[in-house]
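The values are calculated or read from the model by the stated rules, or taken from the named source; none is laboratory data. Predicted, not measured: the structure shown is a model, and the values here were computed from it. Every residue, glycine as well, gets a Cβ built from its backbone with ideal geometry; the counts of neighbours run over all protein chains shown.
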Amino acid sequence: EAFDLSGDKDQFSYQLKYVEPWSAQRLFFNTSWWFYGSREKFAEADKSDMVTIDIGTYYPIKGKSNSEIAAISRSQHVCQGMGNTATRGTREEYLQLLKGDMPKDPNDIFAGINTSWSRINAGHIEKMIDSVIANFNFSNPSKSAQAIANIIKDIKQLPSSHWRDIKLTDAKALLISVTGMYIEAISDQHTYTPKEKITVRSEITNRSNIEAKVLKVRFNDLKMDTLLNTSLAYNISLKWDHDLKIPSNVNQTSPYWLKEKGSLGMYRVDDQKLIGNPRSNRALSATYYIEISGEEIEITKDIVYRYNDPEAGPIYRPLEIVPAISVKLKEKVYVLSNERPTKLSVSVKALSANQSGTVSLPVPKGWKITPTQHDFSIDYKGADQNLEFELTPPAGQSEFTMKPVVKANGKEYREELIKIDYNHIPYQSVMMAAESKMVKLDIKTAGRKIAYIEGSGDAIPKSLEQIGYVVDIIPVQEISKERLQGYGALVMGIRAYNKLDDIRFKQDVLMDYVSDGGNMIVQYNTNRRLKVDNIGPHPIKLSRDRVTVEEAPIEILEPNHPILNYPNKITQQDFDNWVQERGLYFASEWSDKYKAILSSNDPGEPPRKGGLLVAQHGDGNFIYTGYSWFRQLPAGVPGAYRIFANMVSLNQNNKP
C-alpha cells in the first residue's frame with residue numbers, strides 16, 4: 001500500500017511543508033527456502049522474478065566480509081543473547097520482486113535506476129570525482145586536497161537541493177580527512193544547566209603539508225564569534241580556551257522522541273523536521289571556518305566532554321543540558337500485598353550548585369503519605385539528598401502512578417535523570433518524567449521460600465520479594481538435592497536452558513526435586529541452543545510461537561485446575577492491562593501428560609495452547625510457561641502477580 005501511494009502529493013499532504021513527494025521504483029521481499037518448505041522445493045522454484053545477491057563479499061580495505069561485519073553487529077544485541085560466530089565465503093540471498101519493474105541485470109537491484117550526478121545536472125563533477133579516485137595516493141592522501149577543494153567549489157555553484165547539500169557536506173568532510181585535520185571542541189564538565197558558565201577548549205591540528213588556516217570559530221546558540229585568521233603549520237596543535245555562558249533559553253538535550261508522552265507502540269513528535277533523525281541535535285556546537293587549498297569550508301563540531309580513565313584512557317561523552325534538579329523514587333514499581341505502611345525513599349539530586357526547596361508526594365483518596373512534604377538543601381553540584389516518606393495503602397485492590405514534585409527556584413521539577421552506560425553502546429543521559437507505579441494487590445500466597453536459578457537476567461526475584469516471598473538465588477553449580485531441600489518452589493529464570501552450560505549436568509537433580517514433591521517453574525526458553533534434549537520430565541517441544549498483542553483474548557481451558565483456583569481465583573480480569581505482549585516461545589508439541597491451561601493467539605492466527613503447561617511428575621509438578629511474566633511483574637500488573645503466586649503455590653495446599 002505504501003509503495004502504491006508513494007509519490008502521490010494528495011496523500012499525507014500535511015508533510016509537504018518540508019519535503020517533496022518521491023516514488024520508489026521497486027519493492028522486493030527477501031525470500032528463502034524456508035518459505036517454500038524445504039531446500040529441495042526452493043531449488044526447483046521459478047526464480048525469474050528474483051534478484052540474486054552474494055552477501056559474502058570480502059572487502060580488502062576492511063579485512064572483513066559482509067558476513068563477518070553482520071556477526072559483529074548481531075553480537076552487539078547483548079540484552080537478547082544474540083552473540084554470533086562469523087562465517088566466511090559465498091552466500092546467496094534472493095530478493096523477490098513484489099512491485100515495480102524487474103532489473104535487467106538479475107544481480108543488481110539498482111540496475112536502470114539513476115544514481116549518478118546527472119540527477120542534479122552535474123555530470124562534470126562525477127568526472128572530477130573519478131579522477132580523484134583514479135589518482136588517489138594511499139600513502140599521501142593530501143595530494144588529492146587541491147582536486148577535492150575544486151570539487152567543493154563547483155558543488156557550491158549548483159542550486160541548493162537535497163543531493164547537492166548532502167554531497168557538499170560529504171566533500172567537506174573528505175577534504176578534512178585527506179589533510180588529517182584534527183578538530184574538536186571540549187567542555188570542562190559533562191552536564192550544564194541554563195545560565196551556567198562553561199569553558200570550551202578548541203584544538204585544531206593540520207597533519208599534512210597542505211596550506212591551511214583557521215579564519216574564525218562561531219559558537220552556535222552561544223552567540224559568540226572569535227576571529228583568528230591563523231595559519232595552521234604542519235603538525236603543530238593550535239589550542240585555545242573560550243569562557244562562555246549557557247543561554248537561559250537553551251533546550252534540554254534528552255532524546256526528542258521521549259519529550260512527550262506517546263501512545264501504545266508510538267512516540268509522539270510534534271516537530272516534523274525532527275522525525276527520522278537518529279538522535280537529538282546537540283544544544284551547543286562550534287563551527288570552524290577553515291581555508292584549505294584556497295577554498296573556505298565550514299566544519300561544525302558538537303561540543304563534547306572528555307575525561308581520562310586510568311584504565312580505558314580518553315572517554316568522550318555528549319555535553320548534556322539538564323534542569324537544575326532531578327528527583328526520583330528508589331523503585332519504579334511498588335507492590336503492596338497488605339495494609340501495612342511502606343517506606344519510600346526519594347532522592348533529590350542537584351545538577352547545579354546551591355539548591356533548596358521542598359519535596360512532596362501527592363496521593364489519591366484512600367492512600368496516606370507521611371509527612372506531606374520534606375525540606376531539602378544541597379550545596380554542591382552533583383550531590384544528592386535522600387528523604388524518607390511512609391505510604392499507607394487502602395484496604396482493597398488499588399493502583400496509581402506516584403509523581404514526586406520538587407519546588408525550588410520558583411519552579412516545579414518533576415523529571416528524573418537516567419544514565420544509560422554500557423560498553424557496547426554510546427553513553428546517554430535521558431530526562432524522563434519521575435514517576436513510580438503503586439499497586440495494592442488483592443492477593444493470597446502459599447509457601448514462603450523460593451529457589452531461583454538465574455538465566456539471562458530479569459527482575460522476577462525482586463518482584464516476588466515484594467509480595468512476601470523469601471527468594472534465594474542459587475548458582476547452577478550449587479544445585480544439589482540437599483541444596484534444594486526446604487524450597488516450596490524452584491523457578492528457572494528466562495532462557496536458563498539456553499544460557500547455563502552446566503545445567504545439563506544438573507537436569508537429573510532438578511527432575512528428582514520435582515519427583516520428590518517439588519514445584520518447578522520453567523520460564524520461556526528459545527527453541528534453539530538448548531543445553532538439554534528435553535527441559536521437562538516428559539517430552540515437550542518448544543517453538544517460535546508467540547502472542548504479540550498484549551490485549552489478545554485468553555481462553556481458559558482448565559477452569560477447575562488448582563493453578564487457576566488456589567490460593568487466588570483467577571478470572572478474565574487477571575489478564576487485563578498486560579504490557580508489550582502475552583508471551584513468546586510457546587511449546588508446539590507436548591506429551592499428553594501435560595495439561596494446557598490457557599490458550600491465546602494474535603488476530604488471524606491459530607490458537608496457541610502451549611503457553612502454560614502443567615504436568616505431574618512423581619509427587620511434584622513441572623510447569624513450562626511462555627507467558628511473559630518477566631515483563632508483567634516488574635510492570636506491576638496485578639493479575640500477573642496473582643497467577644504467578646498460584647504457580648508458586650501449586651501443591652502447597654496439600655502440605656502441612
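Miscellaneous remarks
- From the list 346, 322, the lone residue that is touching a residue at least 24 places away in the same chain (Cβ under 8 Å) and more than 26 Å from the chain's Cα centre (by Cα) is 346.
- Test for residue 389: is it free of Cβ contacts under 8 Å to residues at least 40 places away in the same chain, part of a strand (DSSP E or B) and either over 20 Å from residue 191 (Cβ atoms) or small (Gly, Ala, Ser) (or both): no
- Within segment 7-62, considering residues that are more than 17 Å from residue 91 (Cα to Cα) and basic (Lys, Arg), the one surrounded by the most Cβ atoms within 10 Å (Cβ to Cβ): 26
Residue by residue, here is whether (1) touching a strand residue (DSSP E or B) at 6+ places or on another chain (Cβ under 8 Å); (2) assigned to a strand (DSSP E or B); (3) within 23 Å of residue 465 (Cβ to Cβ) holds:
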residue: 570; (1), (2), (3): yes, no, yes
residue: 588; (1), (2), (3): yes, yes, no
residue: 599; (1), (2), (3): yes, yes, no
residue: 603; (1), (2), (3): no, no, no
residue: 622; (1), (2), (3): yes, yes, no
residue: 639; (1), (2), (3): no, no, yes
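- Some residue of segment 64-84 being exposed (fewer than 11 other Cβ atoms within 10 Å of the Cβ) and under 27 Å from the mean Cα position of the chain (by Cα): yes
- The sole residue among 470, 491, 514 that is under 25 Å from residue 584 (Cα atoms) and either within 34 Å of the chain's Cα centre (by Cα) or not assigned by TED's automatic domain parsing to the domain that holds residue 650 (or both) is 491.
- When we screen 150, 137 for residues that are under 42 Å from the mean Cα position of the chain (by Cα), surrounded by 10 or more Cβ atoms within 10 Å (Cβ to Cβ) and farther than 30 Å from residue 51 by Cβ, the only hit is 137.
- Residue satisfying condition, being under 28 Å from residue 140 (Cβ atoms) and of a type in the set (Phe, Trp, Tyr), within set 234, 256, 267, 192: 234
- Where a residue in segment 214-225 is under 15 Å from residue 304 (Cα atoms) and its partner, wherever it lies, is of a type in the set (Gly, Ala, Ser), with Cβ under 6 Å and at least six apart: 219/286; 220/285
- Residues in segment 11-48 that are part of a loop (DSSP other than H, G, I, E, B), of a type in the set (D, E, K, R) and modelled with pLDDT of 90 or more: 2 in all.
- In segment 284-307, the residues that are aliphatic (A, V, I, L, M) and either without any contact (Cβ under 8 Å) to a residue 24 or more places away in the chain or outside any loop (DSSP other than H, G, I, E, B) (or both): 286, 290, 292, 297, 299, 304
- For segment 312-368, the set of residues classified as of a type in the set (Gly, Ala, Ser), closer than 19 Å to residue 389 by Cα and part of a loop (DSSP other than H, G, I, E, B) consists of 337, 366, listed by residue number.
- Some residue of segment 181-188 being surrounded by fewer than 18 Cβ atoms within 10 Å (Cβ to Cβ), out of contact with any Cys (no Cβ under 8 Å at 6 or more places or on another chain), assigned to a loop (DSSP other than H, G, I, E, B) and not assigned by TED's automatic domain parsing to the domain that holds residue 551: yes
- Of all the listed residues (416, 412), the sole one being modelled with pLDDT of 95 or more and surrounded by fewer than 20 Cβ atoms within 10 Å (Cβ to Cβ) is 412.
Here is a yes/no grid of residues against (1) under 16 Å from residue 331 (Cα atoms); (2) surrounded by 14 or more Cβ atoms within 10 Å (Cβ to Cβ); (3) not assigned by TED's automatic domain parsing to the domain that holds residue 436:
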residue	(1), (2), (3)
368	no, no, no
371	no, no, no
376	no, yes, no
390	yes, no, no
404	yes, yes, no
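- Strands (runs of 3 or more DSSP E) lying entirely in segment 194-283 (those with 1 or more residues that are surrounded by 15 or more Cβ atoms within 10 Å (Cβ to Cβ) and either at pLDDT 90 or above or not assigned by TED's automatic domain parsing to the domain that holds residue 302 (or both)): 197-205, 212-220, 238-245
- For segment 523-532, taking the residues that are out of contact with any strand residue (DSSP E or B) (no Cβ under 8 Å at 6 or more places or on another chain) and modelled with pLDDT of 95 or more, the one that is surrounded by the fewest Cβ atoms within 10 Å (Cβ to Cβ) is identified as 532.
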